[in-house]
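Inspection log for the structure reproduced underneath, given as structure tokens.
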Amino acid sequence: MMRDVDILEVGLDFGNGVTSAGRLTMNDDNVGVFEYDPAFVASALRVSPHFPTNELVIAANPSAYDRVHGVFADSLPDAWGRFIIRHRLADEGIAYDALTALQKLALVGTRGMGALVYKPETDDAAFVPDEPDVDMLARESLKILAGDSSRESVIQLERLGGSSGGTRPKVLVFVDERGHVRSHRHDGYEPWIIKFRYADDFLDAGPLEVAYADMARSAGIAMSETLLIPSADGPGHFATKRFDRGPNGQRFHVISAAGVLDQDWQSPTTYSQLLKITRYVTQRHADVERIFRRMVFNVLSNNRDDHMRQHAFIMDERGSWSLAPAFDLTYSYGPNGQHYLDVNGKPRNITVDDMRALAKEHAIKKADDTINEVAAAVDRFNEFAVTHGVTDGTRQLVGTQISARLRESAAPSSNFRP
């Protein structure tokens, strides 16, 4: 039986021990309440940039976040994580959906993304091979999604990535400069995420995302290092270095834009709001300009999965906030062919004039230069796709849509030839 959890001790672990941040509990209305540790308040650290420090903080939007605050909901398993943990607990006769948010966070314990840690921790201490078979894990992920799972594979995948967010199966591992993968930290190995194909993805989803990452860098967008992990079963798996971890065991506190706003990430909102919250959190106009550049890239490259959980902020052990690198950039049709975040009131058919209007609203200089630079990089999709082994069929489908998007938006004309 899963034990009851009435109070969670919340801390931040930057890799050199846990600093107590406060306590999380539920009030009589079953809504999350957070109380800062007085010693933590005296420091420069914060759990969330907008939390008051002199009073109890009640979850602002409990219906969207399992009745707790957005920053703690960021720690909860999301999509794939929920799916895999639900399967593991079902084998033990426990209904995941019947657990309270505090019990779910206790399952995450110290193994979550970022620097947030929770006590008491429910930890099954399952064994994971030090040299995992990545292809086997990818195959087992698809089997589990299809309802054909073994307890051993469920436990292994849950231990390696059950607390991570997103829809696609993934594992949190350590990778060296040759692309060798280990489950545990070793000298010369750094923390990475490896993504596996979702059932409805392109067969070459891995090469496609690596191509998009290189295309984004060419467009002037900061991203963590990426690579393609070779596969004996197919075209390879996308991998990226974790920006919430350092090479020597350091951890960094991460909060999504949705978490800052206590906002349901599935609700349509605006790039204007994202630009405003970026200015509020980091106090840097350069970061506002970086978000604008990402917006242009997402629009022109047909990455419509651009919701508020796809943008994040990092706090270091000194309490300084910065914009996290871009992540999850790849082709996405989006909900009904729309962006989650609209531009100038439009979730689709976005033009250069719409982008210029947003730039004017937020005092972004040289917007046309940014648009032209991004368009020139996106127009090279075919080059990046060929380099990373994207199949002809995927290359033609995505490339043709990118060309159409460049024309429709009145960005520089496309030279794409399928």
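Values as computed for the structure displayed
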| item | result |
| --- | --- |
| Strands (runs of 3 or more DSSP E) enclosed by the stretch 1-54 - at least 1 residues per element that are of a type in the set (Ser, Thr, Tyr) | 18-26, 32-36 |
| Tyr189 without any contact (Cβ under 8 Å) to a residue 24 or more places away in the chain, surrounded by 16 or more Cβ atoms within 10 Å (Cβ to Cβ) and at negative phi | yes |
| Whichever residue in the stretch 135-184 is aliphatic (A, V, I, L, M) and free of Cβ contacts under 8 Å to residues at least 40 places away in the same chain and, among such residues, is surrounded by the fewest Cβ atoms within 10 Å (Cβ to Cβ) | Met136 |
| Any hit, the stretch 23-34, residues being under 24 Å from Gly166 (Cα atoms) and more than 20 Å from the chain's Cα centre (by Cα) | yes |
| Selection within the stretch 35-55 - surrounded by fewer than 18 Cβ atoms within 10 Å (Cβ to Cβ) and under 19 Å from Asp6 (Cα atoms) | Glu35, Asp37 |
| Cβ-Cβ under 8 Å pairs, at least 6 apart or on other chains, the stretch 197-208 side within 15 Å of Thr240 (Cβ to Cβ), far side among the basic types (Lys, Arg) | Ala205/Arg168; Ala205/Lys195; Ala205/Arg197; Gly206/Lys195; Gly206/Arg197 |
| Ala286 vs. criteria among the small types (Gly, Ala, Ser), under 16 Å from Leu341 (Cα atoms) and part of a helix (DSSP H, G or I) | no |
| Residues (over 28 Å from Glu92 (Cβ atoms) and in contact with a Pro (Cβ under 8 Å, 6 or more places away or on another chain)) located in the stretch 1-42 | Val31 |
| Output for the stretch 121-134, where each listed residue is surrounded by 14 or more Cβ atoms within 10 Å (Cβ to Cβ) and either free of Cβ contacts under 8 Å to residues at least 40 places away in the same chain or assigned to a loop (DSSP other than H, G, I, E, B) (or both) | Glu121, Thr122, Val128, Pro132 |
| Of all residues making up the stretch 221-230, the number that are over 18 Å from the mean Cα position of the chain (by Cα) and surrounded by fewer than 16 Cβ atoms within 10 Å (Cβ to Cβ) | 1 |
| All positions within the stretch 192-220 that are of a type in the set (Phe, Trp, Tyr) and either crowded, with 22+ Cβ neighbours inside 10 Å or touching a strand residue (DSSP E or B) at 6+ places or on another chain (Cβ under 6 Å) (or both) | Trp192, Phe196, Tyr212 |
| Among the residues listed as Ala222, Ala257, the single one being modelled with pLDDT of 95 or more, farther than 15 Å from Asn303 by Cβ and assigned by TED's automatic domain parsing to the domain that holds Lys276 | Ala257 |
| For Ser272: the one exception among (1) closer than 18 Å to Asn61 by Cβ; (2) touching a helix residue (DSSP H, G or I) at 6+ places or on another chain (Cβ under 8 Å); (3) surrounded by fewer than 22 Cβ atoms within 10 Å (Cβ to Cβ); (4) hydroxyl-bearing (Ser, Thr, Tyr) | (1) |
| Sole residue being polar (S, T, N, Q) and within 20 Å of Ile277 (Cβ to Cβ), chosen from Ser63, Ser75, Ser43 | Ser75 |
| Residue within the stretch 56-65 that is part of a helix (DSSP H, G or I) and surrounded by 15 or more Cβ atoms within 10 Å (Cβ to Cβ) present | yes |
| Selection within the stretch 93-120 - assigned to a loop (DSSP other than H, G, I, E, B) and either over 17 Å from Gly11 (Cα atoms) or touching a His at 6+ places or on another chain (Cβ under 6 Å) (or both) | Gly93, Ile94, Ala95, Leu99, Thr100, Gly114, Ala115 |
| Unique match (being more than 25 Å from Arg309 (Cβ to Cβ) and either at pLDDT 95 or above or among the hydrophobic types (A, V, I, L, M, F, W, C) (or both)) among Val210, Val181 | Val181 |
| Matching entry among Asp124, Asp74, Asp66, Asp91 (being at pLDDT below 90, within 27 Å of Ser256 (Cα to Cα) and either not hydrophobic (A, V, I, L, M, F, W, C) or not assigned by TED's automatic domain parsing to the domain that holds Asp200 (or both)) | Asp66 |
| Residue within the stretch 317-331 that is surrounded by 16 or more Cβ atoms within 10 Å (Cβ to Cβ) and at pLDDT below 95 present | yes |
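Conditions (1) assigned to a helix (DSSP H, G or I); (2) under 22 Å from Thr240 (Cα atoms); (3) in contact with a Gly (Cβ under 9 Å, 6 or more places away or on another chain), marked per residue:
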position: Asp328; (1), (2), (3): no, yes, yes
position: His339; (1), (2), (3): no, no, no
position: Asp342; (1), (2), (3): no, no, no
position: Arg356; (1), (2), (3): yes, no, no
position: Ala359; (1), (2), (3): yes, no, no
position: Lys365; (1), (2), (3): no, no, no
position: Asp369; (1), (2), (3): yes, no, no
position: Ala375; (1), (2), (3): yes, no, no
position: Ala385; (1), (2), (3): yes, yes, yes
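The values are calculated or read from the model by the stated rules, or taken from the named source; none is laboratory data. Since this is a predicted model, take the numbers as computed values, not measurements. Don't worry about glycine lacking a Cβ; one is built from the backbone with ideal geometry, like all the others, and counts go over all protein chains shown.
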